[in-house]
Amino acid sequence: MAQTLEFPVLLRLIDERSVAFRAAVAAAPSLEVQVPTCPEWTLFDLVRHLGEGRRSWAATVAAGPTASARSAVEGPAAPREREALLAWLAASTQQLLDALREAGPDRGCWTWWGTSQSPQTCGAVARHQLQEIAVHTYDAQVTLGAPQPLPDEVALDGVEEFLSTCCATTAAWPHEPAAVDYHATEGRSWRNWLSADGARAARLPTAGTMPATVAGEDPDAADASAGGTASELVLAFYGRIPVDSLKLDGDRRLFDLLLAWDPDE
């Protein structure tokens, strides 16, 4: 993959999206309202999930590269009273940011994506944490009936982060080999190759051209493509909007196969 966002930028954006998340929670009529994009959760459940997750990842980062599993949640439970809950959530984010700053981007860290294209480093953890917080901020905004697209800077990195972390794998693709392209209207494109060797992804320098690292493969050989804003692509990846809401071309069956594929099975 091409160069990603710098570590200080990732930390700044984590803080910014966390502030936006707390603003949505503060404006909600009730903490017991259901979250449409996470229908099994109330808004309180969503806040607790986000806060506990940041505390767990803070402890995991602090544990260093020798940790063999994600760390358990540390600290007090999420309080039910809104003002106290927002303070608890802010403290959860700060724990994560402090741990990441202390560790730096290059230190090793346990992650669940060991067979992907993303490294097992604190920098990669920060990158994924930004996307998790950004998508859950969208969830909170949907709950208010006022969803906002992910900021361009977050979303453009989010497409690439999802492909390299959540899609790339050494597990065999159980169908015919295929290439799937993703085009953001902001002018960036990516390709995901699927084969018996697994799945791998790369950013395309410009739409319809191949990076030098994979020269020799036909740049026009994509079997299917999906297009939309970077925010729409990320939200579709995470199931917040239907894939059919994107501009789909080619063999649309591939998107159903991708959604159904569990490389860990």
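Taking residues in region 39-52 that are more than 17 Å from residue 76 (Cβ to Cβ), and partners anywhere that are open to solvent by 10 Å² or more (accessible area, probe 1.4 Å) and part of a helix (DSSP H, G or I), the pairs with Cβ atoms closer than 6 Å and at least 6 places apart or on different chains are 43/143. Would you mind stating whether residue 127 is in a helix (DSSP H, G or I), basic (Lys, Arg) and within 14 Å of the chain's Cα centre (by Cα)? So residue 127 passes the test. In summary, residue 52 fulfils each of the numbered conditions (1) assigned to a loop (DSSP other than H, G, I, E, B); (2) open to solvent by 20 Å² or more (accessible area, probe 1.4 Å); (3) within 23 Å of residue 162 (Cα to Cα); (4) not aromatic (Phe, Trp, Tyr) with the single exception of condition (1). Can you pull out every residue in region 55-87 that is within 23 Å of the chain's Cα centre (by Cα), open to solvent by less than 20 Å² (accessible area, probe 1.4 Å) and of a type in the set (A, V, I, L, M, F, W, C)? Result: 57, 58, 59, 61. The strands (runs of 3 or more DSSP E) falling completely within region 137-253 that include 1 or more residues that are at pLDDT 95 or above, open to solvent by less than 30 Å² (accessible area, probe 1.4 Å) and not hydrophobic (A, V, I, L, M, F, W, C) map to 178-184, 188-195, 198-204, 224-228. Can you find a residue that is of a type in the set (Lys, Arg), within 29 Å of residue 141 (Cα to Cα), in a loop (DSSP other than H, G, I, E, B) and modelled with pLDDT of 95 or more anywhere in region 79-101? Within region 79-101 (the criterion being of a type in the set (Lys, Arg), within 29 Å of residue 141 (Cα to Cα), in a loop (DSSP other than H, G, I, E, B) and modelled with pLDDT of 95 or more), the answer is yes, since at least one residue qualifies.
What about residue 25, is it in a helix (DSSP H, G or I), modelled with pLDDT of 95 or more and within 20 Å of the chain's Cα centre (by Cα)? Considered against the rule, which asks whether it is in a helix (DSSP H, G or I), modelled with pLDDT of 95 or more and within 20 Å of the chain's Cα centre (by Cα), residue 25 comes out as no. Screening region 94-135 for residues that are open to solvent by 10 Å² or more (accessible area, probe 1.4 Å) and β-branched (Val, Ile, Thr) and picking the one that is nearest to residue 4 (Cα to Cα) gives 121.
Within region 53-67, the set of residues being among the small types (Gly, Ala, Ser), at negative phi and in contact (Cβ under 8 Å) with a residue 24 or more places away in the chain comprises 53, 58, 59, 62, 63, 67. A search for C-beta distances below 6 Å between a residue of region 111-130 that is closer than 16 Å to residue 198 by Cβ and without any contact (Cβ under 8 Å) to a residue 60 or more places away in the chain and any residue that is part of a helix (DSSP H, G or I) and small (Gly, Ala, Ser), counting only pairs 6+ apart in sequence or on different chains, returns 118/124; 118/164.
The values are calculated or read from the model by the stated rules, or taken from the named source; none is laboratory data. Nothing here was measured: the structure is a model prediction, and the numbers come from that model. As a convention, Cβ positions derive from the backbone with ideal geometry for all residues, glycine included, and neighbour counts pool all protein chains shown. Heavy atoms of the whole protein, side chains included, go into the accessibility calculation; ligands, DNA and RNA do not. Shrake-Rupley method; radii C 1.70, N 1.55, O 1.52, S 1.80 Å.
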